[in-house]
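S.K.: Below you'll find the structure I mean.
The values are calculated or read from the model by the stated rules, or taken from the named source; none is laboratory data. What you see is a predicted model; the values in this text were computed from it and never measured. When we count neighbours, we look across all protein chains shown, and the Cβ atoms used for this are built from the backbone with ideal geometry, even at glycine. The area values use the complete protein model at the heavy-atom level, side chains included, leaving out ligands, DNA and RNA. Shrake-Rupley method; radii C 1.70, N 1.55, O 1.52, S 1.80 Å.
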Amino acid sequence: MSLFEVPGWSVPGAPVSQPNRKRKRPAGKDTAKDVDEAEMIKSAQKNIEKLMQSLGAGMTALDEEGDSRPKKKSRPAKEKKTKDVADEVARGRKGERDGRNSKEERALSKEKGGAKQPMATQSAERSQEITSNFTPKAEATHDGKGRRKEKKQKQKQKQKASQSAGTQSETVPVSHNATQVSPPKAEAKTVKKSAANSNDANKGPSLTPLQANMKKSLDGARFRWINEMLYKSDSAKARELMSSDPAVFADYHTGFRHQVESWPTNPVSHYISVLSSYPARTVIADLGCGDATLARTLVPKGMTVLSFDLVSDGAYVIEADICSHVPLPGSEKIADESTDDSEEVGDGQVVDVVVCALSLMGTNWPGCIREAWRILKIDGELKIAEVASRLSSVDDFASFVSSFGFKLKSKDERNTHFTLFEFKKAPRKMKTDKEWRKLMSRGNILKPCEYKRR
């Protein structure tokens, strides 16, 4: 079927192709061929008009069919959401008004003679009413998460109400029939936390390794300062310092214990092991005892240990200036110029052993040797442990101690830090005051302990 074979159309015939050359038309009369072409053009125009009419009728039919179909209704989501918000706000304002009205009614009833209601309960009820009015009602379309969220909100509201009631319960009088309300868990936790913090504060802040090393260095420097002061001053000045500030005594012995840890042996430990084999009834005087380690170890074994130092601990240590006077029985005689060279041993002594373990301190330390002879029984023992660096001559020191009325029994120089001496009390010739002053002035036979400046 050709392109122009449309029902109702009439085409006379196919056009005849002409050769591509110019032809000259006569300017005069129309020929038959020209008439046929004009008819063909007219018929083509009629056919186009009919086609256009048929196409226009089809389009109108389609439009009418589209208009007859039902239109879908659009859901205005935004309008609905704004409407819901407005409803909620309106309900909240209404709830506020209702809450105010209910508060006014309660106030009126209270004035008229109604029962007294605690302020905490009123505030709790008001908060519950307001929150319930502002809280939107649960719809059937809510999922499980929404319900759980609402439950948590209600629980929080109840906890706040109970806490406020607990804080106000102290000021509100409680009747005898009323049951006591236990404090909330949150308050109990805070009380426990504050108690723990107070305990931590009492314990003191923990130190970093750097701070601990710095504190140790400062403690060591303080010990060296106190130690040097004790060696370079007399016992009376040291006793005055210790009495005015007992912390000096504690700091000194704390530093002394730290220093002992670096020694190969401790002289006190040596004397503990030696004296442990002595009879149980042995009476020992520890002059310059420090923290009375000797007594704390030997007394439980049944031995009698009398401890003396510049500061008393209220238990084992007796306060005394061992270079001036030891409060124990014993006597000595002072010779005059007319007295012959008679010997004496003293009277009333009760001590079997005197121990001076690193205690010959102060410029007047020879007075301690004199007091040891006075309180010792005849043939009693004097045990001295001294720092090796203080001894310029071991023999000179032994000879000096013997001049007070002692005999050297043994000496031990094997230790690199200390030298141990053991003397025995013997009768001596009486001395005049002048002789005693000359003997007591020789304290420089022991060098004081000095430390290098850092």
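S.K.: Restricting segment 381-432 to residues that are of a type in the set (Ser, Thr, Tyr) and either within 18 Å of Glu371 (Cα to Cα) or open to solvent by less than 30 Å² (accessible area, probe 1.4 Å) (or both), which is modelled with the lowest pLDDT?
M.R.: Thr432
S.K.: Now for a different question. When the residues of segment 244-262 are filtered to those that are of a type in the set (Ser, Thr, Tyr) and touching a helix residue (DSSP H, G or I) at 6+ places or on another chain (Cβ under 9 Å), which remaining residue is most open to solvent (accessible area, probe 1.4 Å)?
M.R.: This residue is Thr254.
S.K.: What are the residues in segment 301-311 that are surrounded by fewer than 20 Cβ atoms within 10 Å (Cβ to Cβ) and in contact with a strand residue (DSSP E or B) (Cβ under 8 Å, 6 or more places away or on another chain), if any?
M.R.: Residues satisfying the conditions are Thr304, Val311.
S.K.: OK, next. Of the conditions (1) without any contact (Cβ under 8 Å) to a residue 40 or more places away in the chain; (2) surrounded by fewer than 20 Cβ atoms within 10 Å (Cβ to Cβ), Thr265 clears all except one; give me its number.
M.R.: (1)
S.K.: Evaluate segment 273-285: report whether one residue or more is touching a residue at least 60 places away in the same chain (Cβ under 8 Å), outside the structural domain of Lys429 (by the TED database), in contact with a strand residue (DSSP E or B) (Cβ under 9 Å, 6 or more places away or on another chain) and open to solvent by 50 Å² or more (accessible area, probe 1.4 Å).
M.R.: Within segment 273-285, none of the residues are touching a residue at least 60 places away in the same chain (Cβ under 8 Å), outside the structural domain of Lys429 (by the TED database), in contact with a strand residue (DSSP E or B) (Cβ under 9 Å, 6 or more places away or on another chain) and open to solvent by 50 Å² or more (accessible area, probe 1.4 Å).
S.K.: From the list Asp313, Asp352, Asp321, which residue is in contact with a Gly (Cβ under 6 Å, 6 or more places away or on another chain), within 23 Å of Val268 (Cβ to Cβ) and charged (D, E, K, R)?
M.R.: Numbers: Asp313 fails: in contact with a Gly (Cβ under 6 Å, 6 or more places away or on another chain); Asp321 fails: in contact with a Gly (Cβ under 6 Å, 6 or more places away or on another chain).
That would be Asp352, the only listed residue that is in contact with a Gly (Cβ under 6 Å, 6 or more places away or on another chain), within 23 Å of Val268 (Cβ to Cβ) and charged (D, E, K, R).
S.K.: Which of (1) within 24 Å of Gly380 (Cα to Cα); (2) surrounded by fewer than 19 Cβ atoms within 10 Å (Cβ to Cβ); (3) touching a residue at least 24 places away in the same chain (Cβ under 8 Å) does Leu298 not meet, given it meets every other one?
M.R.: Result: Leu298 fails condition (2) only.
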